Amino acid sequence: MVTKTSTRVTHETCDLRRHTLQDIDQVFRLASDPAVLQSIGGAPPSREDAWHRLLRYAGHWSLLGFGMFAVFERATNQFIGEVGLADFQRDLGDHFDGVPEAAWVFTGRSHGKGFALEAMTAALDWFDRQAVSSRSVCMIEPRNTASTRLAEKLGFTYYARGCYRSHDVYQYERMRPDHQPPERPSACKAAPVVADESGLAT
């Protein structure tokens, strides 16, 4: 059970909590994981990059009241990933920026075990209870079919195509269960076609 003010979530196989300063090594290792780098591209991060990432997480909770959770496997108490909702200011337009964005990233060893679905389901349930926004979004590269399948299982539906840092992305939205989705032009309602497999990350 998650209370309205709780920021620790316990689920069947994983626990979610806010990051602490002591998580810096784990944040760095996650961002450096080969499976993560393959999924999201880019160069391996420095420890400074990981530190800035940790501070960004803390800033979200402090200023916005929501953010990213650290995810731990209950059986081993090992850090396996991060999930949550954030405002990353992607410069993708009013229909995306300023709307809580769902994000998830997991270590390579934890892929394919259902952790991402369970953890994101728990995070979204927490978010819905806070009633911060009736709508959330996410963006996924076309090749990342694993994340596309996960987003659809979580209740996200495709609504537009965009460009982020010179890469094509598909944009998805999810309405809180007690709200109806906004009307979209018919050209935006067709689901995208994706071609190949990739890792699990946004």
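Taking the Cα centre of region 29-103 as origin and charging only Cβ (+1 Lys, Arg; -1 Asp, Glu), how large is the dipole, in debye to the nearest 20?
Values: 6 positive and 10 negative charges, 66 e Å.
In debye, rounded to 20, region 29-103 gives about 320.
At a 1.4 Å probe, what is the % contribution of carbon and sulfur to the accessible area of region 41-185? Write down the numbers at each step before the final one.
Working: 3280 of 6690 Å².
Answer for region 41-185 is 49 percent, counting heavy atoms of protein chains only.
Toward the positive end of the charge dipole of region 1-148, about the Cα centre and with charges on Cβ (Lys, Arg +1; Asp, Glu -1), which of Ala86, Ala35, Gly114 goes farthest?
Gly114
Scan around Trp104 for amide H atoms under 5 Å from its own, H built in the peptide plane at 1.01 Å from N, and keep only partners 5 or more places away or cross-chain.
Thr202
Averaging sequence separations of C-alpha pairs under 8 Å and six or more residues apart, then dividing by the length of region 70-191, give the relative contact order as a whole percent. Let's see the in-between values first.
Values: 175 pairs, mean separation 24.4, N = 122.
It comes to 20 percent, rounded to a whole number.
Sorting Ser147, Ser133, Ser62 by accessible area (1.4 Å probe), largest first, what list results? Each step should come with its number before you reach the end.
On the way: Ser147 0, Ser133 30, Ser62 90 Å².
Solvent-accessible surface, decreasing: Ser62, Ser133, Ser147.
Take the alpha carbon atoms of region 27-41, find their center, do the same for region 102-165, and report the distance between the two centers in whole angstrom.
Using only Cα atoms to place each centre, the spacing works out to 17 Å.
The values are calculated or read from the model by the stated rules, or taken from the named source; none is laboratory data. Please read these numbers as outputs of a predicted model, since none were measured by experiment. Cβ coordinates were reconstructed from backbone atoms using ideal geometry, including for glycine residues, and neighbour counts include every protein chain displayed. Keep in mind that these areas ignore ligands, DNA and RNA; they rest on the heavy atoms of the full protein, side chains included. Shrake-Rupley method; radii C 1.70, N 1.55, O 1.52, S 1.80 Å.
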